[in-house]
Every structure is written in structure tokens, then in C-alpha cells.
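**Q** Got a structure for you, questions after.
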Amino acid sequence: MSDEKIEYIQWYPGHMAKAKREIKEKMKLINVVIEVVDARLPISSKNPDINEYTWNKQHILLMNKSDLADPFVSEAWMDWFKGNTNIQHVMLYDAFDRRLKAELIKLIHSLNVKNKFQMKCLVCGIPNAGKSTVINSLIGKKKTQIGNRPGVTRGQQWLSTPDNLMLLDTPGILWPKFDDPMVGLHLAWLGSIKDTIYEKENIAADLLKYLIAYYPKYVENIYKITLENKNFVEIYDAIAKSRGLLIKGGEYDYSRTSELILNDFKNGRIGRITLERPTSKTFMG
Ligand SMILES: Nc1nc2c(ncn2[C@@H]2O[C@H](COP(=O)(O)OP(=O)(O)OP(=O)(O)O)[C@@H](O)[C@H]2O)c(=O)[nH]1
Ligand SMILES: [Mg+2]
């Protein structure tokens, strides 16, 4: 995919600027920052402004949704974070895994902070990274609303866990400008950008092109089609046909086909896919 063809996506609505202000106001109270990123996009889903919150706090980075990411690339990212950043604690995380939850609780309690008896943890990150799900799992009950779309949490909320942690759930925050247009595109594929601000069919087409180039077998398996000797439009048609997505008159329904591909990717049905890999040039601002 060449950059010129990519739709430039940007999403920084007023509620995010407000959410950022409200987090800053609370920072005096916070002992530990639990930053949640998406393991399928560990750097581009990491807010470059995060140092404003973490510089004098204990910092735990959760590479969440690791069950949806390529496990080999995730290991490479773990090494990269340990070797190239000063983040104290990095965990490959899955908010539905009880063993990891126990490990996280143990880690938080082991941290050297004031107010050890009621540690206050900020849970922050981009929209749809899984912040509220992580919190619910630590509480052991569904106390915060979750959903596989961005902007589910609209305001801050303090929640306490059975083992005396105070967790601050916060709305997902992005940043005013993505320097690289690929970042906006990738975040849209993950469901971290509101789907009314981009052209779904374009974003799905870019995703399908990426999948055909890097994961052709996954595409063949999930949609029960063959890619050989087909051009891009024929592949789109084959997916629509295989899933019976037709509109009146027997035409293929590109709108629903686009939706299908985006949802399958977002929910990890296509396979365990990581969109970025660490290289010797990877830099974290
Ligand atoms: N597979 C998988 N899905 C997860 C994981 N964590 C969260 N999810 C799903 O991701 C979606 C978003 O979760 P939320 O907890 O609402 O995300 P959030 O970061 O609070 O989102 P906002 O409040 O919109 O900023 C939900 O459908 C969750 O079920 C995980 O570790 N693995
Ligand atoms: Mg939330």
C-alpha cells in the first residue's frame, strides 16, 4: 500500500481533550499508572503524551489482547520494551486470563509506593484497548460498561477491588495529530477510531489488501475461497458470495462485506495478527 492512497484519519474530539485535563487533575493522587495498549499495535497504540503522567509514578504497561496478536512478534516486542525503554514493568496481557490477572495483582502489591494500604492506580490508554475489561477482571465483577467500539467509557470512575486497590477508569484518549497516516489506518482496523469519521469501504479495502499480501492463507481459510488467479475485486466478490452478502438484484453488498471484514479482524477471527514489528529503527517518542 502506498501512503498517497491512504485516507488520512484523525480523531481527537472535545471529550478526549477534557478527559486528558481531568486525568492531569487527578495525578497528585495516583501511585501507579497502568497503561493499556493493544498487543497487535504496541507502539502506535501508545499515547506519545504518556510521559506527562508516568514520569514520577510506578508504570506498568499492559500489552493487552495478546490472545489476538502473533505470539512470536509479541515476544519480540517484550524484548524490545525491556531493552529500549525505561518502563519498569511490561506484561503481555489478556484481560480474560485468570493466571495473568493474579500475576498483575501480585505485581501491583509488590510496588514500592506510599499508601500501600490503598494504592490508587490510573488505568489509561487509547479507546477500545480493554481498560474497562481489565478493571472488571481485577474487581471480579462487571462494574464498568464495556463494548467493542471506541468511546464506551465517557467519564472517570473510581472502583475498588476486593484486595484494596483503587482503580480509576478513564475514557480512551488519542492525540491531536498522527504523524504517520498508517497509524490512523491501523487504529481504525483495531476499532479504536469512531467508524463514522472514515469511509468504511475504503478502510476495509486497505485491510483486505494487507491481509492478502501478508496472511493469504488466513483469508482463504476464514472465507473458504481461493485467491489464486483472482484480482482484488474478484476476491472481494468471492468473499461476498461465500457469505451470501447480496443486495436486491443479485449484486454483491459491498457495504456489508466491508463491515464483515472489519469485524472479523477486530474480533481476531481471521487469525493472530500483529500489525507492527520492532526493528533496529523502532523509536518511541
Ligand atoms: N480478545 C480480547 N478481547 C478483549 C481483551 N480485553 C478487552 N477485550 C474486548 O475489547 C473490547 C473493548 O473493551 P473495553 O474494556 O470496553 O475497552 P476500553 O479501553 O475501556 O474502551 P473505551 O472505554 O471505549 O475507551 C470489548 O469487546 C472487550 O471484550 C483481551 O485481552 N482479549
Ligand atoms: Mg472503557
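**Q** Report relative contact order for the chain in percent, whole number only (criteria: Cα-Cα under 8 Å, sequence separation at least 6).
**A** Working: 442 pairs, mean separation 67.2, N = 285.
Relative contact order, the chain: 24 percent.
**Q** Which FRET efficiency value, to the nearest 0.05, do you get for residue 233 and residue 97 by plugging their Cβ-Cβ distance into 1/(1 + (r/R0)^6) with R0 = 41 Å? Display every interim value, and only then the final one.
**A** On the way: r = 41 Å, r/R0 = 0.99.
With a Förster radius of 41 Å, E is 0.50.
**Q** Measure off 7 Å from each Cα along the Cα-to-Cβ vector at residue 105 and residue 164, then give the distance between these two points in nanometres to one decimal.
**A** 1.4
**Q** I've got another one for you. Provide the packing ranking of 166-172, 254-260, 127-133, i.e. peptides ordered by the mean count of other C-beta atoms within 10 Å per residue, highest first. Each step should come with its number before you reach the end.
**A** Working: 166-172: 22.1, 254-260: 18.3, 127-133: 26.4.
Going by the mean number of other Cβ atoms within 10 Å, highest first, we get 127-133, 166-172, 254-260.
**Q** Please report the equivalent ellipsoid semi-axes of the chain, computed as sqrt(5 x eigenvalue) of the Cα gyration tensor, largest first, in whole Å. Show your work: numbers first, answer last.
**A** On the way: eigenvalues 259, 71, 67 Å².
For the chain, the semi-axes come out at 36, 19, 18 Å.
**Q** Net charge near residue 199: determine it from the other residues with C-beta under 12 Å of the C-beta of residue 199, scoring Lys and Arg +1 and Asp and Glu -1.
**A** Numbers: positive: 200; negative: 7, 195, 201, 206.
Neighbourhood net charge equals -3.
**Q** How much of the DSSP bridge set in the chain is antiparallel, in percent, rounded to the nearest 5?
**A** Working: 5 of 25 bridges.
So the antiparallel bridges in the chain amount to around 20 percent.
**Q** Could you list the trypsin sites (Lys or Arg not before Pro) in the stretch 205-241 that lie in coil according to DSSP, counting only those with at most 15 other Cβ atoms within 10 Å of their Cβ?
**A** Details: sites: 209, 217, 224, 230, 241; in loops: 224, 230.
Counting only loop positions with at most 15 other Cβ atoms within 10 Å, the trypsin sites (Lys or Arg not before Pro) in the stretch 205-241 are 224, 230.
**Q** Within the chain, which complete DSSP H helices have Cα atoms spanning at least 27 Å along the helix axis and a mean Kyte-Doolittle hydropathy of 0.5 or higher?
**A** Numbers: long enough: none.
Correct list, ordered by number: empty.
**Q** Which whole-number percent gives the relative contact order of the stretch 12-107, counting Cα pairs below 8 Å spaced six or more residues apart?
**A** On the way: 97 pairs, mean separation 25.1, N = 96.
Over the stretch 12-107, the number comes to 26 percent.
Values quoted throughout were computed directly from the atomic coordinates according to the rules given, and no laboratory measurement underlies them. As the structure is a prediction and not an experimental result, all values here were calculated from the model. All Cβ positions, glycine included, derive from the backbone under ideal geometry; neighbour counts span all protein chains shown.
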